[in-house]
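Trainee: Below is a structure I'd like to ask you about.
The values are calculated or read from the model by the stated rules, or taken from the named source; none is laboratory data. Since the model is a prediction, treat every value here as computed from it, not as a measurement. Positions of Cβ are generated from backbone atoms using ideal geometry, with glycine treated the same way; all protein chains shown enter the neighbour counts.
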Amino acid sequence: MASPSSRTPDSLAAVAGVAATVLGAGLGELTAALIAPSASPFAVIGGGMIDIAPSWAKDLAISLFGTNDKAALLVGIAVLLLAVAAVAGIVERRRPPWGRVILAALGAVGAVVSLTRADADLLSPVPSLVAGAAAAIAGAMLIARLRRPAAGPADAGLTRRTVLVLSGVAVVAGALAAVGSAAMSGGARAVSAVRAALRLPPPSTTTPVPATAELGVDGLAPVITPSADFYRIDTALVVPQVDPSTWSLRIHGLVDQEVVLRWDDLVALPQREVAATLVCVSNAVGGELIGTARWLGVPIRDLLARAAPTADADMVLSRSIDGFTASTPLEALTDERDALLAIGMNGEPLPLAHGFPVRMVVPGLYGYVSATKWVTELEVTQYAVAEGYWTSRGWSARGPVKLASRIDVPRAGARVTAGPTTIAGVAWQTHVGVSGVEVQIDDGAWQPATLATAISSDTWVQWSLSWDATPGTHTVRCRATSATGELQTPNRAAPAPDGATGWDELTLSVA
Ligand SMILES: Nc1nc2c(c(=O)[nH]1)N[C@H]1C(S)=C(S)[C@@H](COP(=O)(O)O)O[C@H]1N2
Ligand SMILES: [Mo]
């Protein structure tokens, strides 16, 4: 066990560097909570990293961490930051003032990145500058003590003990500041409260969910996904807080008549309730980045009709409050389909993480080119002129959903006993529809599964098959046929650039 006095000056300097950085980071977060909630240094750096990450990195993050990708990113940034802080501490002891220069420079990087964010203003750099300055000053003061020549071994021990105690104080102060900033993120609670008090208008038309849409198989994805279980994918490290009373949508660009719509205008319009499946282009074969909800909203085509797009327009670039953009074919927003400007999900206002107060939902297209959350702008434009967030990062400009099917039951690795066994799953090609699903066991014949009643061609459909399981190891595969007669391809393709393909497959051992 190392006593404080036995630690090397370098390791103490590293501890001091880390402590100073924790203090600075905490004060930076606190400053953000006080004056610039969207400019939290962590959120700014994380958001900047998400925006510059190449598409393979997004895919890798999602495949490694699923929808915990954001938490993983923040932990990664924190670990990296503390490693740099430890090095800065050592540098400050050996070559002052370069350690404090490193710490101040970290803050300066945050300040520069903060100015590149979509919602940046003049206060945005302040939290990062405070964090860098506080870390540099605290680091310099702590490490200056270590550099003083000691009058003897007892004096050296005392100095080290003092530095350790002060470092502890800095860490606690930094942690308290961070906790305080979390408690003060009043914006989030305020908008949550507005949402909780909100009453949505009743739908004037509803697509019924037939009782026979649900097969009731244990372990099978329910035909309507509870909102709390609905996958979440977006680039927003901090969920945008948009108050309906300040929300507006501007429709502009290649239009005869610019339109501005406010919340009260939107809720006064007749609302449609439509079940639709939303799927992420990053969903791997067998993946879970898909869900179905009852969406309440207004057809986008009616709003676009007011703006009257000009004849040369072929795309709508929707923009979120946080700068995310999606390129949707104008046709998909003006044809007969239920492309909605949605305010409700499963009978409630949209959850904050799913786009409160207003998002888009467009059957037939992957989310990245259609499902803009916290939407504030529709720019009518052309594919030749503009591109969406993910297109500029290597994904396809257009993203029609591909035909797919998934095995949910039995679960991979489940214990199956010989005898009658249910195999079940879901299949989809949104806005096209599914006409059949077949299952193959080992290299046997493809057997037609029983399909549930599809709610509509805009939703996935459940399927099941009973199988008399025999002992041994078996491979189970499924494939769908679309309503237009297309057979799902066995060719495996990765999600990038326009969606995964291939048959879902499960290996089972039957006892
Ligand atoms: N503002 C905003 N909207 C967005 C995104 C985003 O990053 N920012 N991601 C899109 C993607 S890639 C998908 S798959 C869907 C996911 O919607 P959900 O989180 O409600 O499931 O939202 C879309 N809308
Ligand atoms: Mo997505």
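Trainee: Please pick out the residue among Gln241, Gln271, Gln257 that is modelled with pLDDT under 95 and more than 12 Å from ligand 1 (Cβ to nearest atom). Step through it out loud before you land on a result.
Mentor: Working: Gln271 fails: modelled with pLDDT under 95; Gln257 fails: modelled with pLDDT under 95.
Going through Gln241, Gln271, Gln257 in turn, the sole match is Gln241.
Trainee: Related question: Using the structure shown, decide if Thr207 is in contact (Cβ under 8 Å) with a residue 12 or more places away in the chain, within 16 Å of ligand 1 (Cβ to nearest atom) and not small (Gly, Ala, Ser). Steps first, answer last, please.
Mentor: Numbers: in contact (Cβ under 8 Å) with a residue 12 or more places away in the chain: yes; within 16 Å of ligand 1 (Cβ to nearest atom): no; not small (Gly, Ala, Ser): yes.
Against the criterion (in contact (Cβ under 8 Å) with a residue 12 or more places away in the chain, within 16 Å of ligand 1 (Cβ to nearest atom) and not small (Gly, Ala, Ser)), Thr207 does not qualify.
Trainee: Additional query: From Arg199, Arg195, which residue is under 30 Å from Pro270 (Cα atoms), of a type outside the set (Asp, Glu) and surrounded by 14 or more Cβ atoms within 10 Å (Cβ to Cβ)?
Mentor: Numbers: Arg199 fails: surrounded by 14 or more Cβ atoms within 10 Å (Cβ to Cβ).
Result: Arg195 is the single residue among Arg199, Arg195 that is under 30 Å from Pro270 (Cα atoms), of a type outside the set (Asp, Glu) and surrounded by 14 or more Cβ atoms within 10 Å (Cβ to Cβ).
Trainee: If you go through the range 369-394, how many residues are closer than 21 Å to Thr277 by Cα and out of contact with any strand residue (DSSP E or B) (no Cβ under 7 Å at 6 or more places or on another chain)? I'd like the intermediate steps shown before the answer.
Mentor: Filtering the range 369-394 down to residues closer than 21 Å to Thr277 by Cα leaves 369-375, 390.
Next cut, out of contact with any strand residue (DSSP E or B) (no Cβ under 7 Å at 6 or more places or on another chain) only: 390.
Total satisfying the criteria: 1.
Trainee: Then there's this: Can you find a residue that is within 16 Å of ligand 2 (Cβ to nearest atom), touching a Leu at 6+ places or on another chain (Cβ under 7 Å), within 16 Å of Phe230 (Cα to Cα) and in the same structural domain as Arg272 (by TED's automatic domain parsing) anywhere in the range 368-385? Full working, then the answer.
Mentor: From the range 368-385, those within 16 Å of ligand 2 (Cβ to nearest atom) are 368-375; that's our starting set.
Filter again for touching a Leu at 6+ places or on another chain (Cβ under 7 Å), leaving 371, 375.
Now restrict to residues that are within 16 Å of Phe230 (Cα to Cα): 371.
Cutting the leftovers down to in the same structural domain as Arg272 (by TED's automatic domain parsing) gives us 371.
Yes, because at least one residue in the range 368-385 is within 16 Å of ligand 2 (Cβ to nearest atom), touching a Leu at 6+ places or on another chain (Cβ under 7 Å), within 16 Å of Phe230 (Cα to Cα) and in the same structural domain as Arg272 (by TED's automatic domain parsing).
Trainee: Looking at (1) more than 16 Å from ligand 2 (Cβ to nearest atom); (2) buried (at least 19 other Cβ atoms within 10 Å of the Cβ); (3) hydrophobic (A, V, I, L, M, F, W, C), can you tell me which one Leu269 breaks?
Mentor: If we test Leu269 against (1) more than 16 Å from ligand 2 (Cβ to nearest atom); (2) buried (at least 19 other Cβ atoms within 10 Å of the Cβ); (3) hydrophobic (A, V, I, L, M, F, W, C), just (2) comes out false.
Trainee: How many residues are over 20 Å from the mean Cα position of the chain (by Cα) and outside any strand (DSSP E or B) when one looks only at the range 311-345?
Mentor: 14
Trainee: Of all residues in the range 299-326, which are buried (at least 24 other Cβ atoms within 10 Å of the Cβ) and either more than 8 Å from ligand 1 (Cβ to nearest atom) or under 21 Å from Val274 (Cα atoms) (or both)?
Mentor: Let us first name the residues in the range 299-326 that are buried (at least 24 other Cβ atoms within 10 Å of the Cβ), namely 300, 315-316, 318, 320, 326.
Correct list: Ile300, Met315, Val316, Ser318.
Trainee: Quick check on my filter: what residues within the range 56-81 are within 14 Å of the chain's Cα centre (by Cα) and touching a residue at least 24 places away in the same chain (Cβ under 8 Å)?
Mentor: Answer for the range 56-81, where residues must be within 14 Å of the chain's Cα centre (by Cα) and touching a residue at least 24 places away in the same chain (Cβ under 8 Å): Lys58, Asp59, Ile62, Ser63, Gly66, Thr67, Lys70, Leu73, Leu74.
Trainee: Could you please let me know if Asp458 is of a type outside the set (Val, Ile, Thr) and not in a strand (DSSP E or B)?
Mentor: Working: of a type outside the set (Val, Ile, Thr): yes; not in a strand (DSSP E or B): yes.
So Asp458 fits the description; yes.
Trainee: Considering each of Leu122, Leu115 in turn, give the residue that is under 20 Å from Ile50 (Cβ atoms) and without any contact (Cβ under 8 Å) to a residue 12 or more places away in the chain. Walk me through how you get there before you give the answer.
Mentor: Working: Leu122 fails: under 20 Å from Ile50 (Cβ atoms).
Result of the check over Leu122, Leu115: Leu115.
Trainee: Has the range 274-297 got any residue that is over 30 Å from Leu73 (Cα atoms), assigned to a loop (DSSP other than H, G, I, E, B), more than 16 Å from ligand 2 (Cβ to nearest atom) and touching a residue at least 60 places away in the same chain (Cβ under 8 Å)? First the steps, then the outcome.
Mentor: First pass over the range 274-297, keeping only residues over 30 Å from Leu73 (Cα atoms): 274-276, 294-297.
Cutting the leftovers down to assigned to a loop (DSSP other than H, G, I, E, B) gives us none.
The answer is no, given that none of the residues of the range 274-297 is over 30 Å from Leu73 (Cα atoms), assigned to a loop (DSSP other than H, G, I, E, B), more than 16 Å from ligand 2 (Cβ to nearest atom) and touching a residue at least 60 places away in the same chain (Cβ under 8 Å).
Trainee: Then there's this: In this structure, is Gly323 of a type outside the set (A, V, I, L, M) and on the phi > 0 side of the Ramachandran plot? So that I can check it myself, show each step before the final result.
Mentor: On the way: of a type outside the set (A, V, I, L, M): yes; on the phi > 0 side of the Ramachandran plot: yes.
Yes, satisfied.
Trainee: Considering each of Leu465, Leu506 in turn, give the residue that is in a strand (DSSP E or B) and over 29 Å from the mean Cα position of the chain (by Cα).
Mentor: Numbers: Leu506 fails: over 29 Å from the mean Cα position of the chain (by Cα).
After ruling out the rest, the residue left standing is Leu465.
Trainee: Any residue at all in the range 447-469 that is free of Cβ contacts under 8 Å to residues at least 24 places away in the same chain, out of contact with any Asp or Glu (no Cβ under 8 Å at 6 or more places or on another chain) and of a type in the set (Gly, Ala, Ser)?
Mentor: For the range 447-469, residues free of Cβ contacts under 8 Å to residues at least 24 places away in the same chain, out of contact with any Asp or Glu (no Cβ under 8 Å at 6 or more places or on another chain) and of a type in the set (Gly, Ala, Ser): absent.
Trainee: Check whether at least one residue in the range 112-128 is outside the structural domain of Arg319 (by TED's automatic domain parsing), closer than 29 Å to Ser11 by Cα and either surrounded by fewer than 22 Cβ atoms within 10 Å (Cβ to Cβ) or among the charged types (D, E, K, R) (or both), and report yes or no.
Mentor: No.
Trainee: Scan the range 368-384 and tell me whether some residue there is away from ligand 1 (no atom under 11 Å from the Cβ), within 30 Å of Val476 (Cβ to Cβ), surrounded by 24 or more Cβ atoms within 10 Å (Cβ to Cβ) and in contact (Cβ under 8 Å) with a residue 40 or more places away in the chain.
Mentor: Checked against the condition, which is being away from ligand 1 (no atom under 11 Å from the Cβ), within 30 Å of Val476 (Cβ to Cβ), surrounded by 24 or more Cβ atoms within 10 Å (Cβ to Cβ) and in contact (Cβ under 8 Å) with a residue 40 or more places away in the chain, the range 368-384 yields no hits at all.
Trainee: Exactly one of (1) in contact (Cβ under 8 Å) with a residue 40 or more places away in the chain; (2) more than 30 Å from Arg161 (Cα to Cα) is unmet by Pro9. Its number?
Mentor: Going through (1) in contact (Cβ under 8 Å) with a residue 40 or more places away in the chain; (2) more than 30 Å from Arg161 (Cα to Cα) one by one, Pro9 breaks only (2).
Trainee: Being more than 23 Å from the chain's Cα centre (by Cα) and in a loop (DSSP other than H, G, I, E, B): is that true of Leu266 here? Full working, then the answer.
Mentor: Details: more than 23 Å from the chain's Cα centre (by Cα): yes; in a loop (DSSP other than H, G, I, E, B): no.
Considered against the rule, which asks whether it is more than 23 Å from the chain's Cα centre (by Cα) and in a loop (DSSP other than H, G, I, E, B), Leu266 comes out as no.
Trainee: Count, please, the residues in the range 404-421 that happen to be within 24 Å of Ala284 (Cβ to Cβ) and either touching a residue at least 24 places away in the same chain (Cβ under 8 Å) or surrounded by 22 or more Cβ atoms within 10 Å (Cβ to Cβ) (or both). Can you show your working first?
Mentor: We begin by selecting, within the range 404-421, every residue within 24 Å of Ala284 (Cβ to Cβ); these are 404-414, 416.
Narrowing further to those that are either touching a residue at least 24 places away in the same chain (Cβ under 8 Å) or surrounded by 22 or more Cβ atoms within 10 Å (Cβ to Cβ) (or both): 404-412, 414, 416.
Of the residues in the range 404-421, 11 are within 24 Å of Ala284 (Cβ to Cβ) and either touching a residue at least 24 places away in the same chain (Cβ under 8 Å) or surrounded by 22 or more Cβ atoms within 10 Å (Cβ to Cβ) (or both).
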